[in-house]
1. Could you order B:Leu46, B:Leu168 by accessible surface area, starting with the largest, using a probe radius of 1.4 Å?
2. If you build the convex hull over the alpha carbons only and average its shadow over all orientations, what do you get for chain A? Give it in nm² to one decimal.
3. For the Cα atoms of chain B, what angle does the longest principal axis make with the long axis of helix B:114-146, in degrees from 0 to 90, nearest 10?
4. So what are segment B:18-91's ellipsoid semi-axes, whole angstrom, largest first, if each one is the square root of 5 times an eigenvalue of the alpha-carbon gyration tensor?
5. For the protein assembly as shown, divide the Cα radius of gyration by the Kirkwood radius and give the resulting Rg/Rh value with two decimals.
6. Along the principal axes of its C-alpha atoms, what lengths does segment B:201-263 span, in descending order and rounded to whole Å?
7. Leaving ligands, DNA and RNA out of it, rank B:Thr72, A:Thr176 by accessible area with a 1.4 Å probe, largest first.
8. In the P(r) worked out for segment A:73-219, what percent of Cα pairs fall beyond 21 Å?
Amino acid sequence: MTAVVQTEGLTKYYGKRRGLEDLTLEIQPGEVFGYLGPNGAGKTTTIRLLLDVIRPTRGTVRVLGGDPREPATRARMGYLPGDLVLEERDRAIDYLRFLGRARGGVPAARIEALAERFDADLSVPMRKLSKGNKQKIGLIQAFMHEPEFVILDEPTAGLDPLVQQEFLALVREVRTSGRTVLMSSHVLAEVENVSDRVGIVRAGRLVAVENVAVLREKAVRRVELHFESPVPRDAFDDLPGVRDLRVEGAGVSCTIDGRPDALIKAAARFTVVHLVSAEPDLEEIFLTYYSHEEAHHDHPQPA
Amino acid sequence: MITRSLRDVRWVLTWWTAGVSAFIVLYLSVYGNIKQSPELYGPAMLAKFPGPLRDLMGGLEDMTSGAGFLQTVVYQLFVPMLCIACATLLANRALATPEETGTLELIVTLPVDRRRLVLARFAALVLSLLVLTAVTLLVAAGMVTLVSAGVPFGRILAGHTGVLLIALFYGTVALTAGAATGRRIVASAVVGVWVVAGYAVTTIGRSVEGIAWLKWVSPFHYYSSGRPLYEGLPVGDYLVLAGATVVLALTAVLAFDRRDVGV
């Protein structure tokens, strides 16, 4: 099967400024790929290279087996830009029809169905739409021609939780139908529920590609336990993966590296009244990876 | 794509067409007075403007004849300048403005070849300027008949063809600069400098020896030296303008095709 995305040594410099360095990545059909990284890490640069908005400095990029420079390749793709700007004077429906025609025709019923799903009003001029409502229009246009490969740059920005759920449901449907999605985010929580694999990019380099399950397991997280009565410290001392342990009366807090199994089993001997496990912080995941990466890459970091 | 571009500019185009038409109506309507007392207005005009300024206005030798008046107030400066301004505005809307605002990013990801995109935007520019000049041509011809200025339609058509060509030329300059740099300010600056310099060279510059040769790079030379209102269509000169426009448009296509958009 042809990979949906296949890049090798893909590099982009904006003059002297580095955008992306030496990206080698494969995304398979039917996969939802989460692309994570802090702002300015190179996510949008990668996405623009995949869509031929910008051209690589070095390296190769193939999308759906073809060159993204060919209109025929782009016809099979959908795209939601990260900073979406719409034609302000147009009504949403006119703009969507125009984009649909340019992509070889989209049935009006499909646009309506998507609009209904996201509860989007297509009849008002787009300048009157709020950020979230503009984002809905952006999502509709990205999905409406049923592309084989959908690229979404920060898709959930500005969406309310209800629409976010609807959006994630749509992404799952797309995956079920065998199509492929790449979505970027700077928040792991946004992509982890729907992604199969996650790539982490930092300072222009892809530092890790992991299955989401593995990533979660590796992730550092903060755990707080409250018991009915004070607990002895030695019950929690020296548990595998547990760091920064603090025991204060009936409260225990620590950081877990990897599986929480040992801690849970230790805690099960007492009566637990309250448990908080903070979502793994992306920044901390980065740090975990980054500290590993530095050993591998001895390149001097350009300023 | 072309329809879409035309839709985008329909209001701007309507207002500019109305504006230029109003200008022509206003200025040609005073010709009646001049025609009645040429001995009064002719010398008065000449006295009012010192030498170089007179050159800048295209000489003013012949303000009192129909063709002379039409040349001076309509075709010498104001109407071509207005049309060039309009053309620059429309050309900027084609690529540079959408690139700066960000709407172009989605457009270039559509399954439309970049070269075709530029050609479509160029075609829309040509059509828009055709509308602008066709309407104003009818207005000018109508006014000439109304005030009995006695200039045959064929000559007005020849003059107006020049307006279309020079507006299209500068519009294409803006389009090309915009396609190459993606910046409105650069496009407008290139047009602005070339217009002022080109116009100055063919008017004041005519009598200055050192810079007279510069007229060959001034579009205004090809626009006006054939005196279309007096002598009819200057085919050679106009072909130079049209040819230069085509070369520029192709440059725009190539420049845009090989460039990063929106960075």
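1. Correct descending sequence by accessible area is B:Leu46, B:Leu168.
2. Details: hull surface 76.5 nm².
One quarter of the hull surface, i.e. the mean projection, equals 19.1 nm².
3. It is inclined by approximately 20 degrees.
4. Listed largest to smallest, the semi-axes of segment B:18-91 are 25, 16, 8 Å.
5. In the protein assembly as shown, Rg relative to Rh is 1.17.
6. 46, 30, 15
7. Result of the area sort, largest leading: A:Thr176, B:Thr72.
8. Value for segment A:73-219 (Cα pairs over 21 Å): 44 percent.
The values are calculated or read from the model by the stated rules, or taken from the named source; none is laboratory data. Since the model is a prediction, treat every value here as computed from it, not as a measurement. For neighbour counting, all protein chains shown are included, and Cβ atoms are generated from backbone atoms with ideal geometry for every residue, glycine included. For accessibility, only protein heavy atoms count, side chains too; no ligands or nucleic acids. Shrake-Rupley method; radii C 1.70, N 1.55, O 1.52, S 1.80 Å.
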